[in-house]
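Working notes, beginning with the structure itself.
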Amino acid sequence: MINKFKWRWIIIIAVFFCGVFMVSPLQAELVDINTSPVIILEKVNMEQAVAGSEFVLTLNVRNISKYPGFNLNLDYKVKDSKDDNPKFPFILQSNQSTVIDELKGMENRTMNLTFAVDPEAQNKDYELIISLSGVDATFNKKANAVTTITVPVSYDLTKPIVIAKSIALKPEVPGEGEEFTAELEIANLSKTTEARNVMVHLEGADNFEVLDISNRRNLTKLAKGDTATLTYTLKAKDKRKDNTAKLKIAFDYSGNETESIEEIINLPLPERKVEKGETPWVIVNKYTLSAERVLAGNTVTLSLFIENTNQREVNNVKISLGVIEIESSSGNTTTGGTVFSPVNSSNSFYVESIPGKTVIRKDIDLYVDPNAAAKTYIVPIDIKYEDKDGETLSCEEQVNIPVTQECKLEILSTEVPTEGFIGQPIPVAAEFVNVGKVALGNFMVTLEGDFHKENTTYYVGNLDIGISDYYQGTIIPETEGQIEGKLVFTYIDNNNKDVRVEEPFSIEIMPQSRPMPGEGEMIMGPDGPMKPGMPMEGNSGGGFMNFIKTKWLNILLFLVIFVEAICIFRIKRKKANGEFFDE
């Protein structure tokens, strides 16, 4: 019987300590498990991207938090590219290092990435989206960074540009019917691509006779920016009309690509007499711009192709960039200004002479005023020259130069908590401003993510220059764990292109917290401040239930002792009545 009592007391003590250990974990303090690093990608420098060649992009990787990031892998894609080739036209060279094993807190790293540009790339701006993803110290939470870089690709110099650069005659002034040697300097103006299997044909037509065995010359290759001299033996025909000859050039490049050009060259022989009464005209045959988009604040190269349409030579040619005359409402004519300023030269240039039926090229570097409005500007071209008799003639031409302004949205701040609780609203806010020089049309802010949210879309309309605004949405988490989302800013720029800017974020969601029994903040009762669980007058039922919840372990212990006492009392009474006998 005594052993039986001992075992019952052991059970009672065990129940007591089990209750103690069941309560104690609730009193443990919460441990901060927010170890997610915050990674930022910044562009440092970028070389010019030319189709068919390579360029180097320098990125700065910064960890602005105190927590390290591990196994950071770099990847990229091109916005609005085809699904079957999301990286076209950029190819990251295979020898590039794209992994950072560890990026400590507050540490910076520089990454130099060499990209090859596909020869089929278009002459336009590509949006290169570069992402860096990894994990934190627990290898559970993800660390992400995304940046969008505009890469302007040009193709103007990707093909070899082979031309006859100059011609020299020996003797310089051959006599009538005398043979002479013409030395042609052939140049490849391309800065990126060499020409191979260059075939040059010189045809004198009705003006000259080629005395060599063949009028064809061959060059194995002509490197980029290189020149070569070809020699022909010629004789002027008696009935030649002028000093022009036809030059045909064919070549290969970039594998199986071929190109052929044909141009009229003028041999510097004494001019033959022509019929009087013919007026020579000098015009702008065509013009080109070095960039498809001329951005205000940048420098653009205007190439003018000046042609003498007549067979007669013209001299003392002066070509000037003019200004537009504007007539006011009062009838007075005023001279308008210009947003273009020549670089390292004046707005005029001089050409000593232009032979008959000849086109010359003149390149002018123009700096565009940073404050120029986004529109197409008309630039007058004034040409003055003299004919053979010294008479001054003039011609006016016009070229159109479209100018665009930079669209730039700056996100001043984003306010996103790093943690939250299930069922409790979490505010997400951002402040932004238009720091560009054109209005941003159809501007909208959207909260995206796989979670319950409110005020998901904020439509602004036109965000004018220098205007700032504020967005705030609400997230109501329903499950525990990490949720990821992003704030998306979309608008239409002045080139009628859709622009999308994303600000990703992540929030750690924890279970709903509850205060311990007998602890917590004071609440206001009928008679003044009181702790949760204290009975209040007029609410006895609530106080009794609260007492049961807080003292259940003591009540259980009391019931066990009470039952045990009853059992002991009954046993003693039976023994006293003689119901138990020793064996």
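The values are calculated or read from the model by the stated rules, or taken from the named source; none is laboratory data. Values in this document were obtained by computation on a predicted structure and should not be read as measured data. When we count neighbours, we look across all protein chains shown, and the Cβ atoms used for this are built from the backbone with ideal geometry, even at glycine.
One table, with the values for the structure above:
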quantity	calculated
Top-ranked residue in the stretch 279-319 [being assigned to a strand (DSSP E or B) and among the charged types (D, E, K, R); ranked as farthest from Val399 (Cα to Cα)]	Lys318
All positions within the stretch 52-77 that are within 17 Å of Pro152 (Cβ to Cβ) and out of contact with any Asp or Glu (no Cβ under 7 Å at 6 or more places or on another chain)	Gly52, Ser53, Glu54, Leu57, Thr58, Tyr76
Pick from the stretch 197-228, criterion of a type in the set (Asp, Glu) and part of a loop (DSSP other than H, G, I, E, B), ranking: nearest to the chain's Cα centre (by Cα)	Asp226
Per-region count, the stretch 479-497, residues charged (D, E, K, R) and closer than 21 Å to Gly449 by Cβ	3
Boolean, Glu502 is surrounded by fewer than 19 Cβ atoms within 10 Å (Cβ to Cβ) and closer than 28 Å to Tyr126 by Cβ	yes
Scope the stretch 391-426; condition small (Gly, Ala, Ser) and surrounded by 17 or more Cβ atoms within 10 Å (Cβ to Cβ); matching residues	Gly420
Enumeration of residues in the stretch 442-457 that are without any contact (Cβ under 8 Å) to a residue 40 or more places away in the chain and closer than 26 Å to Asn495 by Cα	Thr457
Hey, Thr114 exposed (fewer than 14 other Cβ atoms within 10 Å of the Cβ) and in a strand (DSSP E or B) or not	no
Single unsatisfied condition, Tyr385 versus (1) free of Cβ contacts under 8 Å to residues at least 60 places away in the same chain; (2) of a type in the set (Ser, Thr, Tyr); (3) out of contact with any Phe, Trp or Tyr (no Cβ under 9 Å at 6 or more places or on another chain)	(1)
All positions within the stretch 352-366 that are under 19 Å from Asn243 (Cα atoms) and either among the β-branched types (Val, Ile, Thr) or not assigned by TED's automatic domain parsing to the domain that holds Ile306 (or both)	Ile354, Thr358, Val359, Ile360
Flag for Asn197 being in contact with an Asp or Glu (Cβ under 8 Å, 6 or more places away or on another chain) and without any contact (Cβ under 8 Å) to a residue 40 or more places away in the chain	no
The one condition in (1) surrounded by 15 or more Cβ atoms within 10 Å (Cβ to Cβ); (2) in the same structural domain as Glu480 (by TED's automatic domain parsing); (3) part of a strand (DSSP E or B) that Ala429 fails to fulfil	(1)
Test for Lys375: is it at pLDDT 85 or above and of a type outside the set (S, T, N, Q)	no
Odd one out for Pro517 among (1) modelled with pLDDT of 85 or more; (2) surrounded by 13 or more Cβ atoms within 10 Å (Cβ to Cβ)	(1)
Selected residue (criterion: surrounded by the fewest Cβ atoms within 10 Å (Cβ to Cβ)) from residues of the stretch 441-456 that are not hydroxyl-bearing (Ser, Thr, Tyr) and not in a strand (DSSP E or B)	Asp450
Residue count for the stretch 238-263, restricted to those that are polar (S, T, N, Q) and touching a Leu at 6+ places or on another chain (Cβ under 9 Å)	2
Residue within the stretch 538-561 that is of a type in the set (S, T, N, Q), modelled with pLDDT of 70 or more and not in a helix (DSSP H, G or I) present	no
Single condition Pro171 does not satisfy, out of (1) touching a residue at least 12 places away in the same chain (Cβ under 8 Å); (2) touching a Phe, Trp or Tyr at 6+ places or on another chain (Cβ under 8 Å)	(1)
Residue satisfying condition, being within 52 Å of the chain's Cα centre (by Cα), closer than 23 Å to Gly175 by Cβ and in a strand (DSSP E or B), within set Thr258, Thr231	Thr231
Number of positions in the stretch 66-80 that are assigned to a strand (DSSP E or B) and over 12 Å from the mean Cα position of the chain (by Cα)	7
Ala143 being more than 30 Å from Ile265 (Cα to Cα), at pLDDT below 80 and either outside any loop (DSSP other than H, G, I, E, B) or in contact with a helix residue (DSSP H, G or I) (Cβ under 6 Å, 6 or more places away or on another chain) (or both)	yes
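Yes or no, residue by residue, for (1) under 13 Å from Ala164 (Cα atoms); (2) surrounded by 14 or more Cβ atoms within 10 Å (Cβ to Cβ); (3) touching a Ser or Thr at 6+ places or on another chain (Cβ under 8 Å); (4) among the charged types (D, E, K, R):
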| residue | (1), (2), (3), (4) |
| --- | --- |
| Lys191 | no, yes, no, yes |
| Asn197 | no, yes, yes, no |
| Ile213 | no, no, no, no |
| Lys221 | no, yes, no, yes |
| Lys235 | no, yes, no, yes |
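For every residue, the table says whether it meets (1) farther than 16 Å from Ala250 by Cα; (2) of a type in the set (Asp, Glu); (3) touching a His at 6+ places or on another chain (Cβ under 8 Å); (4) not in a strand (DSSP E or B).
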{"residue": "Val151", "(1), (2), (3), (4)": "yes, no, no, no"}
{"residue": "Lys159", "(1), (2), (3), (4)": "no, no, no, yes"}
{"residue": "Ile163", "(1), (2), (3), (4)": "no, no, no, no"}
{"residue": "Thr181", "(1), (2), (3), (4)": "yes, no, no, no"}
{"residue": "Glu185", "(1), (2), (3), (4)": "no, yes, no, no"}
